[in-house]
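This report concerns only the one structure given below.
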């Protein structure tokens, strides 16, 4: 597996919506390279015949009756929002041109 | 009348008995703990286990229980056995009426509009909630140093870490600031703090305690569980919080019964207890290894059969965990984006788009460890790497489960040290993420496989006089076995020591005047 470098970290930070300074990118790239190197052996541990486990105790078809349960009022749902207007979350422009 | 210094040192079970017998009131008990918090938690050299103290509500609940008891009749009869016994709650678990921060700046001052299911159950049992306890930010860490609100100190040595991520809950219980607490355990966050603070901590079988209202780190690994000073106390609390919850789709349909009864069984004769070859010896501190062997001797003398088992795939468990956990965390933490709750930070210059606001908010709101894990998880899940990383790690999970399955054909319960070392010094491993991750080497396999684990005090290490934890592991849904073996081992050890291990902890100096500190705690 390829090592993780500074450009990778910059790309991943953009994908994860975390702004990072040059200094932070340098430090993070160094730390992550060590961590990624230490977990490499995992890819060699299991053969193709071993199935993956996503949940430790599988439950299937977890359904409930199709009835309305507890719902929050708009006021409750917006109670922690940094900004709201007219019972809606208010956000800055979605498009650059706006 | 019991003096308050004695009162706060009683077990939850003993407090419950005194409350039921009318020897003490819940208001007296709750006030005694609030006074203790005020005396030892704040200030420069305080334990800093609490992020918020919930004095008013806790005293109101206590007064309600006292009034019901005083009135007698059916309502008093129907009170839960732990009614009136106070408890602290890890600040990863949401509560109406108190802030929930998850130890992060991004949620500073946020109030949840709903209670976690476990909190609803505490309220139904009428247990006064003393407050919210400190943790590594979003439960990411093994030392509580990654909290945005300052580290918690270990009551055994204030210059050392209390473990993590639930260092606040463990330290609160160890410092007699609460008889009970709730924790969450994703890779050892209940058990490892229990080990290094000389307290008891249990990670129940995955799905046996509802996760609804626990802010998720890694959903397939997270589990809420009890923190206490005795094995019986954890069993009592486990029965309060356990059982099916339709609001958690991973919740097991049937409750685990007989946990308290198991803690009272009193014998381990004929039980097969398996030493896991891979989880002791090389890499474990000598004092930890010595105390581990003491416990094995005691169990053998009590009639248990000690067998050795091998779990060869545990060597890959830490690596698999540090791929699966960050992958799930990177997805779970995407919701903290400055839109629906918490912090919003605007970029200093340039276009004011939502993308740039999210980037600035998450840059300012998350600490380094959270950022590291989000980036690592984003990497492990990205196209081209998914099969090699996340896919391989999920296969290792199957191998770890198979190792447990094989081990449990020859042993009823497995045993190991909980952590490879005793508490290290604050700051010692802060700049070395990999060294920090190694603290969880013995606790992680249980989370990967979903099996229950319990840590109990096993004595003090020869070289530093600090607590050593002993970990017991059982097959899924067999949590009762942990309480049975744990309670027996605890009583054998206490007979040897001449009392509980925490009686050997140093006295904490009062950190400041009681009256003024209560006010400032409420404010912070």
Original post:
If each of residue B:509 and residue A:26 carries a label point 7 Å out from its Cα toward its Cβ, how far apart are those two points in nm?
Top reply: 4.2 nm
Original post:
Can you give me the Cα centroid spacing of segment B:388-404 and segment B:121-198 in angstrom?
Top reply: 30 Å
Original post:
In the protein assembly as shown, what percentage of the DSSP-assigned beta bridges are antiparallel, given to the nearest 5?
Top reply: 65 percent
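Which of the three applies to segment B:239-331, rounded, prolate or oblate, going by the alpha-carbon gyration tensor with a ≥ b ≥ c and a/c under 1.5 meaning rounded?
Taking the square roots of the gyration eigenvalues as a ≥ b ≥ c, segment B:239-331 is oblate.
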**OP:** In whole angstrom, note down how far apart the Cα centers of segment B:324-378 and segment B:223-244 are.
**Re:** 34 Å
**OP:** At 0.36 nm per residue, minus the direct Cα-Cα distance, what do residue B:96 and residue B:21 gain on full extension? Give it in nm, one decimal, please.
**Re:** 23.8 nm
Original post:
For chain B, what is the mean residue ellipticity at 222 nm derived from helices alone (per DSSP H run of n ≥ 4: -39500 (n - 2.57); sum divided by total residues; nearest 500 deg cm²/dmol)?
Top reply: -12000 deg cm²/dmol
Subject >> Computed over chain A: relative contact order in percent, which uses C-alpha pairs under 8 Å that are six or more apart >> reply: 18 percent
Original post:
What value, in deg cm²/dmol to 500, does the helix sum -39500 (n - 2.57) over DSSP H runs of n ≥ 4 give at 222 nm once divided by the residues of chain A?
Top reply: -10500 deg cm²/dmol
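Which order results if B:297, B:17 are arranged by neighbouring Cβ count within 10 Å, fewest first?
Sorted ascending by nearby Cβ count, the order is B:297, B:17.
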**OP:** Would you mind calculating the relative contact order of chain B from Cα pairs under 8 angstrom and at least 6 residues apart, reporting the percent as a whole number?
**Re:** 19 percent
Subject >> Pairwise label distance in nanometres, residue A:3 with residue B:308, each label 7 Å out on the Cα-Cβ vector >> reply: 3.9 nm
**OP:** Please report the relative contact order for segment B:327-468, taking Cα pairs under 8 Å with a sequence separation of at least 6, and give it as a percent rounded to a whole number.
**Re:** 18 percent
Subject >> Distance in nm between pseudo-label sites at residue A:37 and residue A:89 (7 Å out along the Cβ direction from Cα) >> reply: 4.0 nm
**OP:** Distance from a point 7 Å along Cα→Cβ of residue B:348 to each backbone N in segment A:1-28: keep the residues under 13 Å and list them by number.
**Re:** A:20-22
**OP:** Report, in whole Å, the centroid distance computed from the Cα atoms of segment B:432-484 and segment B:7-40.
**Re:** 29 Å
Original post:
So how do B:110, B:156, B:497 line up by other beta-carbon neighbours within 10 Å, fewest first?
Top reply: B:497, B:110, B:156
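May I ask you to give the average projected area over all directions of the convex hull of the Cα atoms of the protein assembly as shown, in nm² rounded to one decimal?
28.7 nm²
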Original post:
Tell me, A:89, B:336 in order of fewest to most beta-carbon neighbours within 10 Å?
Top reply: A:89, B:336
**OP:** Using a/c under 1.5 as the rounded threshold, could you call segment B:85-183 rounded, prolate or oblate? The axes a ≥ b ≥ c are square roots of the C-alpha gyration tensor eigenvalues, and prolate needs a/b larger than b/c, oblate otherwise.
**Re:** oblate
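Read-outs: derived from the displayed coordinates by stated rules, not from any lab. All figures in this text were calculated on a predicted structure; none of them were measured in a lab. Every residue, glycine as well, gets a Cβ built from its backbone with ideal geometry; the counts of neighbours run over all protein chains shown.
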